1. Under a 5 Å amide H to amide H cut-off, with H placed in plane at 1.01 Å, what residues pair with V32 once short-range neighbours are removed?
2. Contour minus end-to-end for R191 and A16, with contour as 0.36 nm per residue of separation and end-to-end as the Cα-Cα distance?
3. Enter the angle in degrees (range 0 to 90, nearest 10) between the Cα long axis of helix 163-175 and the first principal axis of the Cα atoms of the chain, meaning the one along which they spread out most.
4. Using a 1.4 angstrom probe on heavy atoms only, work out the carbon and sulfur share of the accessible area of the chain in %.
5. Distance between the C-alpha centers of the stretch 158-204 and the stretch 248-278? Whole Å please.
6. So what's the angle, to the nearest 10 degrees on a 0 to 90 scale, between helix 304-316 and the longest Cα principal axis of the chain?
7. Based on alpha-carbon positions alone, could you give the equivalent ellipsoid semi-axes of the stretch 91-190 from the gyration tensor, as √(5λ), descending, whole Å?
8. Order C129, C106, most accessible first, counting only protein heavy atoms with a 1.4 angstrom probe.
Amino acid sequence: MEQVTREIVRVGVDLAKRVIQVHAVDAAGGVVTSRALSRERFMPWCAQLPPGCMVAMEASSSAHHWCRRLIALGLDARIISAHLAAPYRQEGRSGKNDANDAAAICEAASRPKMRFVPVKSVEQQSMLCVHKLREGLKEERTACINRIRGLLAEFGLVFAQSPEALRAVLADVLEDASNELGTLARLALQRAFEHWRELDEHLAWCDQRIAQHHRDDPEVRRAAGVIGIGPITASAVVATVGDFSQFKSGAQFGAWAGLVPRQRSSGGKSVLGGITKHGQTYLRTLLIQAAKSAVLTAHRREDRISRWVLALRERSGWQKATVALANKNARILWALMTRGERFDADHLSIKPA
């Protein structure tokens with residue numbers, strides 16, 4: 001077994017909860033082994049690989065965990081996005097299985113221009129856990145409020161749309177004996193109201209952790225200086241990206257975030273469509289929401305960027321101006337993080353000769 005593993009120069013790994021498929025090749029590209037391993041046997045098998053051997057896997061929920069462990073063993077662990085590995089599956093869409101996926105990942109990793117996903121640290125993933133929990137709680141709170149409204153409407157009780165307006169009257173409605181609410185309905189709505197308050201407490205805890213991240217991390221404070229970007233967006237950007245130097249330019253970072261137009265150009269004719277929406281939906285949503293707030297309040301400021309936004313809004317409408325500013329903010333974030341500078345709204349960038 002040891003002699004066999006010495007011949008391996010690259011391994012493709014298809015991760016799963018209980019079974020991990022590996023596909024290993026030698027320097028000539030010949031298959032050395034293709035087999036399924038249990039989770040318990042995967043790390044001992046990788047420990048026999050030669051130092052510096054590339055171990056590539058598809059981006060998934062546990063990929064960063066495995067990569068950190070493999071890097072600790074002295075291996076070159078890489079993560080590949082699923083949409084970049086899929087074209088290398090020789091059997092196409094009809095031949096998708098664990099073995100073929102591992103072979104496709106192994107082949108994709110051999111490409112000299114392949115783009116890999118940076119491995120996140122434990123601290124990055126821990127902060128992202130707070131953001132993901134907060135998003136889930138927001139959705140659950142919205143569902144809870146809508147559920148309360150629906151139940152009240154069945155008894156002819158309809159109130160203003162804002163959560164604040166409903167919260168202000170809900171306690172009195174439950175105590176009001178003149179309405180049609182039955183005893184059991186009142187108890188059910190009281191439970192729902194308590195659940196709503198509990199969700200608010202959980203959201204407040206998440207906001208406190210994000211605010212602490214903003215106070216403790218100078219990179220988050222630097223990102224929060226950009227117009228429209230607050231602590232939540234800044235924290236998410238820093239936790240998601242980590243090292244901004246992985247991108248060659250601000251334009252590449254904007255493209256990675258999915259904020260550039262989709263192209264269908266041919267024959268020298270440029271055809272641009274809507275944004276690509278590549279990358280993480282959560283991060284892109286935060287950047288666009290931050291840009292929207294800046295666009296809608298640009299008339300209150302006199303800096304260079306705000307004047308540009310106002311002119312663009314007059315020409316193209318606030319929706320396109322919002323996406324354009326989100327892309328500009330992404331480029332600004334890259335420049336600030338890679339150069340260690342503070343945001344200056346009146347800065348005039350000069351393209352290198």
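The values are calculated or read from the model by the stated rules, or taken from the named source; none is laboratory data. Computed from a predicted model, the values in this text were never measured in an experiment. All Cβ positions, glycine included, derive from the backbone under ideal geometry; neighbour counts span all protein chains shown. Accessible surface is based on the protein model in full, side chains and every heavy atom, while ligands, DNA and RNA are left aside. Shrake-Rupley method; radii C 1.70, N 1.55, O 1.52, S 1.80 Å.
1. A24, V25, D26
2. Stretched out fully, the R191 to A16 stretch lengthens by 59.1 nm.
3. Tilt of helix 163-175: around 60 degrees.
4. 52 percent
5. 47 Å
6. It works out to around 80 degrees.
7. 53, 18, 11
8. Details: C129 85, C106 0 Å².
Ranked list, largest accessible area first: C129, C106.
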